[in-house]
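Step one of this worksheet: look at the structure below.
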Amino acid sequence: MQLTLKSVSYVYNSDAVEPRYAVKDVSFTLNKGEFVGLIGHTGSGKSTLVQFLDGLLKPTSGQVLCDGEDIFEKGYPLRELRKKVGLVFQYPEHQLFESDILKDVCFGPKNMGCSQEEQLERAKKAIALVGLDESYYTKSPFDLSGGEKRRVAIAGILAMGPDILVLDEPTAGLDPAGRDEILDQVERLNKEEGIGVVLVSHSMEDVAERTDRILVMSGGVLQYDDTPRNVFRHREELAALGLDIPQVTDICHTLRDKGFDIPEDILTVAEAKEEILKVLKKS
Amino acid sequence: MKIIDILHLIHEYKVYDDDEQEVGSVRALNDVTLSLEEGSFVVVLGHNGCGKSTLAKHLNALLLPTEGMVYVCGNNTQEEDDIWKIRKNAGMIFQNPDNQIVGNVVEEDVAFGPENIGVPTEKMVKRVTEALKKVGMEAYRLNSPNQLSGGQKQRIGIAGMLAMRPKVILMDEPTAMLDPSGRKDVLNIVHELNKKEGMTVVLITHYMEEAVDADRVIVMDGGEIKMDGTPREIFSRVDELKNYRLTVPQVTELAWELKKEGVDLPDGILTKEELVEALCSLH
């Protein structure tokens with residue numbers, strides 16, 4: 001599945017003399033199976049953008065196309081689209097409500113009109129996909145740890161069989177190991193199941209390490225749309241937008257300034273280690 | 001001088017079945033003994049469910065000990081008559097700023113606390129102004145809180161607490177929902193209150209970077225204190241931290257990885273500057 005935003009804008013108080021743009025003239029295409037990071041400070045328009053992707057919000061102007069079809073055309077099956085684009089909001093565990101986990105994950109397929117058999121099949125598969133075993137089926141969602149609850153909530157979305165998974169800060173409030181577990185899981189869904197991922201994140205380290213492509217929003221405008229390496233070359237520009245670069249990228253930039261012969265597009269600790277060792281061995 | 005004294009604190013949550021019959025208990029804190037110096041900046045780390053939030057709630061008598069004692073500014077939390085003194089002295093900030101805002105206008109929100117303890121109007125105006133000034137939000141005095149960003153809301157929450165003139169600031173993951181610049185703003189303000197006003201700060205966080213500038217770092221696991229020391233001491237013990245589902249800042253991790261490869265670096269490097277300097281001297 002391919003989703004395209006074509007010169008999309010969203011205006012608050014459009015009747016006012018000076019309309020306020022939440023999103024202004026944004027265009028990009030999400031290709032099948034891509035792992036995309038979406039970053040930007042609070043109020044930069046990220047959440048508004050995300051809501052266009054499954055037609056929760058209609059842009060004031062511009063088009064949202066799914067495989068070439070305008071999703072806001074009369075008669076377009078938005079319900080179908082919403083099965084294909086799975087939105088996982090912040091703190092999705094707050095939306096768990098059933099008495100046990102299997103029932104909770106069945107809720108989506110049930111609403112889709114699946115037979116009871118298919119509901120169970122889908123739910124069991126989804127629970128396995130987030131790395132929880134059968135012993136969890138009968139547990140109450142409220143007896144789980146924060147990270148487990150969140151995985152159950154993601155399973156609830158996966159049970160609907162999405163082609164694209166949009167995750168709004170899926171690691172907020174989790175401990176470091178919990179963060180890694182969730183992101184490893186998401187990465188596996190992307191690599192092994194071919195599910196496209198849009199990861200909204202405030203952690204530059206996470207998007208640098210995991211994504212293929214980064215969209216940077218600022219003031220409602222799409223500032224960058226490029227590979228992590230290319231985006232994080234822009235240390236000063238990102239700082240001006242209130243964004244950081246990964247700490248290890250920053251270290252490498254500074255070492256370069258001090259005369260170290262290392263690339264400026266280092267993204268991970270492992271890469272930095274290798275490059276620094278190379279330089280030290282030479283000297 | 002000791003401002004907080006915790007002696008052999010045990011906390012057990014009761015577990016109920018579906019008929020609200022007590023069926024057992026879970027020990028969240030197991031024999032914790034800890035004293036905090038007045039004016040110190042203490043960071044508490046630990047994975048989800050390690051007991052750190054339970055501990056924080058004991059510090060302003062939101063929870064009372066199952067066994068043991070907690071003294072805040074010399075008052076025992078189990079003395080009912082002293083509870084308001086304790087809550088006035090130890091203010092708490094939670095993760096979600098939206099849950100703590102009650103007023104329709106910023107200044108009303110900040111005035112809520114002092115209003116409740118009967119501060120007269122003319123003094124109130126002064127307190128509110130002072131508090132807003134300290135968090136750099138004076139310009140928003142007459143704004144509606146729902147138009148503010150997460151970081152700004154959190155600063156209003158802090159101002160509301162400051163208007164009570166507390167001696168201790170307790171913060172339970174105050175930056176978990178904020179973007180990088182909001183996170184920086186909140187931390188800068190808390191550090192300033194600690195340095196300039198001599199306020200004692202207890203900060204619970206999952207962001208290791210936020211512990212770097214603390215006076216003291218405490219690591220909890222399974223309801224017990226497992227590590228207690230300066231950031232440099234704690235972050236030198238990388239393997240041990242990972243055992244407790246924690247991590248270290250990227251710069252510390254990079255230094256640790258380089259050290260394992262035989263690079264001659266000091267233990268517990270905490271900042272980019274330290275690492276760059278150490279590497280430059282080897283280059």
Sole miss for B:GLY262 among (1) in contact with a Lys or Arg (Cβ under 9 Å, 6 or more places away or on another chain); (2) on the phi > 0 side of the Ramachandran plot; (3) surrounded by fewer than 22 Cβ atoms within 10 Å (Cβ to Cβ) is condition (1)
Residue tally, condition among the β-branched types (Val, Ile, Thr), part of a strand (DSSP E or B) and over 15 Å from B:LYS167 (Cα atoms), over region B:66-111
1
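Looking for whichever is of a type outside the set (Val, Ile, Thr), crowded, with 23+ Cβ neighbours inside 10 Å and closer than 26 Å to B:ASN48 by Cβ here; the options are A:LEU189, A:LEU144, A:LEU199. Which one fits?
One residue alone meets the criteria, A:LEU199.
So that you can scan it fast, the table gives a plain yes or no per residue for (1) outside any loop (DSSP other than H, G, I, E, B); (2) touching a residue at least 40 places away in the same chain (Cβ under 8 Å):
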position	(1), (2)
B:LEU178	no, no
B:LYS184	yes, no
B:ASN188	yes, no
B:HIS191	yes, yes
B:GLY198	no, yes
B:VAL201	yes, yes
B:ASP213	no, yes
B:ILE225	yes, yes
Among residues belonging to region A:37-82 that are within 14 Å of chain B (Cβ to nearest Cβ) and not small (Gly, Ala, Ser), point out the one that is surrounded by the most Cβ atoms within 10 Å (Cβ to Cβ).
A:ILE39
Among A:LYS58, A:LYS74, which is the only one that is assigned to a loop (DSSP other than H, G, I, E, B), charged (D, E, K, R) and within 20 Å of A:TYR21 (Cα to Cα)?
A:LYS58
Tabulated pairs, region A:67-95, first among the polar types (S, T, N, Q), second part of a loop (DSSP other than H, G, I, E, B), C-beta under 8 angstrom, 6+ apart or interchain
A:GLN90/A:GLU169; A:GLN90/A:ALA172; A:GLN90/B:MET177; A:GLN95/A:PHE89
Limited to region A:148-183, what total is found for residues that are closer than 17 Å to A:VAL130 by Cβ, part of a helix (DSSP H, G or I) and within 14 Å of chain B (Cβ to nearest Cβ)?
11
Would you point out which residue out of B:ASP228, B:ASP213, B:ASP239 is more than 9 Å from chain A (Cβ to nearest Cβ) and either polar (S, T, N, Q) or under 29 Å from B:HIS8 (Cβ atoms) (or both)?
B:ASP228
Quick check: is even one residue across region A:137-144 in contact with a Ser or Thr (Cβ under 8 Å, 6 or more places away or on another chain) and in the same structural domain as A:THR171 (by TED's automatic domain parsing)?
yes
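Here is a yes/no grid of residues against (1) within 23 Å of A:THR268 (Cβ to Cβ); (2) part of a helix (DSSP H, G or I):
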| residue | (1), (2) |
| --- | --- |
| B:MET220 | no, no |
| B:ASP228 | no, no |
| B:ARG232 | no, yes |
| B:VAL248 | yes, no |
| B:THR252 | yes, yes |
| B:LEU258 | yes, yes |
| B:VAL263 | yes, no |
| B:LEU270 | yes, no |
| B:VAL276 | yes, yes |
From the option list B:LEU170, B:LEU178, single residue qualifying as surrounded by 22 or more Cβ atoms within 10 Å (Cβ to Cβ), out of contact with any strand residue (DSSP E or B) (no Cβ under 6 Å at 6 or more places or on another chain) and not polar (S, T, N, Q) is B:LEU178
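The values are calculated or read from the model by the stated rules, or taken from the named source; none is laboratory data. As the structure is a computational prediction, the values presented were derived from the model and not from experiment. Please note: Cβ atoms are built from the backbone with ideal geometry, for glycine as well, and neighbour counts cover all protein chains shown.
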